[in-house]
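As structure tokens, the structure follows; a few thoughts come after it.
The values are calculated or read from the model by the stated rules, or taken from the named source; none is laboratory data. Everything numeric here is computed off the predicted structure, so don't read it as measured data. Virtual Cβ from ideal backbone geometry, glycine too; neighbours counted across all protein chains shown. When the accessible area is computed, the model is the full protein with side chains, heavy atoms only, and any ligands, DNA or RNA have been set aside. Shrake-Rupley method; radii C 1.70, N 1.55, O 1.52, S 1.80 Å.
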Amino acid sequence: MTTHTFFAPLQLRSVDLLVIDYPWPWRTYSEEGRKKTPQYDTMELREIEESGPQDLLSPKGIGFFWVTWPLIAKQSRIIEDVFGLEVRTGGAWSKRSRTGKLRWGPGHIVRTVCEPYLIAAHKGHGFRGRDMKNLLETFGESELPGLARENSRKPDEFYEELERLTPGWRRADIFARQSRDGWTTWGREKTKFDRK
């Protein structure tokens, strides 16, 4: 499997900012737990390893990888050892309800209120100047707020902040839940949340 066919019609080395939210596999310990897991098709780690998102990034581009707490060690290894990218920093989205309270999710050992992400770039390549430094400082040193909605749908605030920090950049959102102006989007569930 090659990037060109997996993420078609995206062009190789064409993306300055890549957001990717793989449907990582989940394991549960009971039937009750299965009801609380993501209600969408997941991918096997082997499929993810063969997808090649690093080939989409421009030489000085940056990737945001949404990850999960139970698999974060394996996900970091895939990003670095398989994709050949270097994890530079990371952070977490604190999920909030419409009333502003933290929204508790299920957990294997402890229940969580946040979803982690890792920020990576090509090894040995510098970033795009000060703009990149501002982006890393914004997302690597602060909690990302945002309204929790449907399963795994990311907050609008996340995209708004990225757009503010990356004017003129070529952006792509992979496994997107909706289309966005200024972004190339690709995803199996994208039309489900597209605005009419």
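Kindly indicate which of Gly105, Gly100 is modelled with pLDDT under 80, at negative phi and open to solvent by less than 60 Å² (accessible area, probe 1.4 Å).
On the way: Gly100 fails: at negative phi.
Just one listed residue meets the conditions, Gly105.
Considering region 65-79 alone, what residues qualify as being under 8 Å from Leu118 (Cβ atoms) and basic (Lys, Arg)?
Correct list: empty.
Regarding Thr28, is this residue open to solvent by 30 Å² or more (accessible area, probe 1.4 Å), at pLDDT below 90 and among the polar types (S, T, N, Q)?
Working: open to solvent by 30 Å² or more (accessible area, probe 1.4 Å): yes; at pLDDT below 90: yes; among the polar types (S, T, N, Q): yes.
Yes; evaluated as a whole, the condition is true for this residue.
Across region 155-174, what is the total count of residues that are assigned to a loop (DSSP other than H, G, I, E, B) and either open to solvent by 10 Å² or more (accessible area, probe 1.4 Å) or modelled with pLDDT of 90 or more (or both)? Write out each step before concluding.
From region 155-174, those assigned to a loop (DSSP other than H, G, I, E, B) are 155, 166-170; that's our starting set.
Subsequent filtering for residues that are either open to solvent by 10 Å² or more (accessible area, probe 1.4 Å) or modelled with pLDDT of 90 or more (or both) retains 167-170.
So the count comes out to 4.
Could we say that Lys60 is in a helix (DSSP H, G or I) and modelled with pLDDT of 85 or more here?
Values: in a helix (DSSP H, G or I): no; modelled with pLDDT of 85 or more: yes.
No; evaluated as a whole, the condition is false for this residue.
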